[in-house]
Each structure stands twice: as C-alpha cells, then as structure tokens.
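In what follows, a single structure is set out as structure tokens and then discussed.
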Amino acid sequence: MSNRTPGLVCAHHHLYSTLARGMPAPPSAPTDFISTLQQVWWRLDAQLDAEMLYWSAALGAAEALMSGTTSIIDHHESPNFIEGSLDVIAKACADIGVRVNTCFGATDRWTDKGSLIDSVNPNSSMTGAARRALDECDRYLSAGGRGMVGLHAAFTCSNETLEMATELAKKHTVGVHIHVAEGLHDAGAGERLEAITSDDWLLVHCVLLDRLLKGRIVHNPRSNMNNSVGYSKPSRRTNTTLLGTDGIGSDMLEEFRLAYARLREFDIKENPATAWAWLENGYHYFPESREDVVVWSYDAVDDPWKLAFTTGVHPVEVIVDGKTVVKNSMPTTFDIHEVRQKASEQAKRLHERL
Ligand SMILES: [Zn+2]
C-alpha cells in the first residue's frame, strides 16, 4: 500500500478554455456536435487576446498542479491572436511550474474574407489563417518549444492543409495532434487521414472512427459525455490509448474513474487496471513526470481496484523535478488566490465580448 504516485499526465487539454466557465448563454442553444462548436467554442476562441490567454493557461496549469497533474499536452486555437500565442501558453505553464507540450490547431474554417464556415471543401486551397497557424507551430518548434503540429479536425481542413501539416511534423520529427471523428460532422475523417497518419500522431476522440489509423488515441470520457457524442470504446482498438480531459480541468484521478465507469458499462469483464494503464501511457510524452512525486490523501493509490471506488482523493504534496511545489494541498510557488483573481478579471473581459 502506498499513498504516492508519480506526477500524472493529461494527454489532451485546451488551456485556452479555462475562462469559458460562466460564459453567457449562446444566442441559440446547441442541439448537436457541430452547433456546440459553432455556438460555444468558435465564438469563444475568436475573442481571445494575449492577456486573456495567459491567465486562462495559468489558471488551468495551477488547477492541474493542485490535482497532481504535472504535465499537459495542450491543443490551442485563438484565430485573432496567432503569432506568439504558443509562447504565451508556454510561459504561463513555466510560471506555474507545469510541463506543457502545445501546438496551434490549424484550420481552414476561417475564409480569407474573414467569414466562418462549417465544413471545408477538401479540394479548396489552404487559407491564410491555416498558413499562419502552421507557421506559428514551425516558429515555436524551431525555437526549441516542446510541442507538436496541430490540426483542428479533418472536416475543417483542406487536403492541402493536412498535407502541409504532415510535412511540417516530419521536419520537426514530432507527430500531428488532431481531433478525429469526434462527432457526426467529422465521421469521414478516417478516409481523409488514412494515407498520411504515422505512429507518432495523436488522434483525439476517435468516437466514430471507421478504420485503423496509425497513431496513439486520446480518450476523453467526460467531454464525450458532455457533448453527447457517444462512447469511443477504446478497448476495442489496437492503438495505444491515453487519457485526456479535452479542456474540462485536469483532474486525472477523476478522469481515470470516469474512464473506468464507462469501460465497465460497456464490458462487465473489464477492470480498473485497464483505465490506469491508459493514464500511464501519457509518460511516453513526459518521461520525467515519472520522477515527480504526488503524496495523496489516501493510502492505497497504488491499487486501481481501490482507487476506482474511492472518491474525493486529493494531493497533499506535489514534488516536481525534486522541488516541493504543493504542500498541505496548497501551492508554494504562487498565490492561487491571485491567479484566480487575475483569471476572473480576464474572464469578465472575455464574457463582455461574447
Ligand atoms: Zn479537444
């Protein structure tokens, strides 16, 4: 029995979305996957500026650390603040003390005339916005930033953009981080991506994916339930599975419990060790997180069978790179009240624009 684990890894996050909580209700209530994107996320991300993004990422990182999550794979979009945005996220995470691997998600859904379209003709030309997004990934990676090449999703990208992202990822010897077949609008993603994916791609969701693609799959059980897109059945696929939150915080013990509950709902013969292994697969991207130490409020965190049925377990102490950054469940290197206050001021500015 042990009350310790290594630092946890969130394999898919959107640190830009932390300030979405409490945002005004959209003009019309979403009724499906695509209208959720149109009414909530594509309205929110278009309003982000540098200051909002910094405090959104800082609060997201602070909450991660206080949940025992010491490393995050982030997927970013802010179409009206592209150049330098990945540096802002990296700085916020460094200031808080959380490792991050980030990327800008390129998309052709913003036409060169500035209008927003739902689905992009695969044969259309790459837009200026997608070009700038890939340039931002290139710039950040060339400067030594830790990240990948981002794509939003196949249904909002031209073939030209998919191909350019693939080439850019090869140049930097990183994978592409992309949403895949999350909902009906992207159900054709498998056919579009089949010829270009490789083992180092990070394929997020794959709920409706109709074929085997090369790459690792990130399962986000809470987000999939929240968006009513169905269960992705990761245990039926041969790909390595990782666990993410898709931007709904980064409490990975909570996500593990949810992943187990959904797995067990699907297959009564399954057991919590499967979901725990998915969580541990995140160490591929952050091997140094294995050396971090999280001391929990429960003395059997090394037993998935106990942990899956024990709620309310929280970190008492977190040690990152040998330094104690959380003690008595409170951060030692920053003032969480100040972070919450600054984030709340930026949330107010953001919500006023919506
Ligand atoms: Zn996502």
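Derivation of every value follows stated rules applied to the coordinates shown; laboratory data play no part. This is a predicted model, so every value here is computed, not measured. Here Cβ is always computed from backbone atoms with ideal geometry, including for glycine, and neighbour counts include all displayed protein chains.
See the values below:
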| read-out | value |
| --- | --- |
| Quotient of Cα Rg and 2.2 N^0.38 Å for segment 218-304, N being how many residues it contains | 1.09 |
| Under 5 Å, built H, 5+ apart or other chain: amide partners of T69 | L8 |
| Highest-MSF residue in the chain out of L213, L243, L202 [GNM, Cα springs under 10 Å] | L213 |
| Projected-area mean, segment 197-354, by convex hull of Cα positions, square nanometres | 11.8 |
| Along principal axes, Cα extents of segment 192-237, largest first, whole Å | 31, 18, 18 |
| Environment charge of T197, counting only residues whose C-beta is closer than 15 Å and scoring Lys/Arg +1, Asp/Glu -1 | -2 |
| Translational D in µm²/s for segment 4-353 (Stokes-Einstein at 37 °C, 0.692 mPa s, Kirkwood Rh from C-alpha pairs) | 162 |
| With eigenvalues of the C-alpha gyration tensor scaled by 5 and rooted, segment 1-98, Å | 27, 18, 11 |
| 20 Å Cα-Cα threshold exceeded, pairs from K113/K171; K171/K214; K306/K327; K233/K306 | K113/K171; K306/K327; K233/K306 |
| Two-site FRET efficiency, H337 against A94, from Cβ-Cβ distance with R₀ of 22 Å, rounded to 0.05 | 0.60 |
| Measure of compaction for segment 304-349 (Cα Rg per 2.2 N^0.38 Å) | 1.60 |
| Cα centroid separation, segment 75-114 to segment 219-283 (Å) | 26 |
| Exposure proxy ranking, count of Cβ atoms within 10 Å, fewest first, for W305, W110 | W305, W110 |
| Centre separation in Å (Cα based) which lies between segment 9-64 and segment 150-165 | 21 |
| Cα→Cβ-extended label distance, 7 Å offset, between K327 and E194, nm | 5.8 |
| In sequence order, calculated HN-Hα J values of segment 122-127 (Karplus, 6.51, -1.76, 1.60; Hz; x Gly/Pro) | x, 8, 6, 7, 4, 7 |
| Helix-only mean residue ellipticity at 222 nm for the chain, each DSSP H run of n ≥ 4 adding -39500 (n - 2.57), per residue, nearest 500 | -10000 deg cm²/dmol |
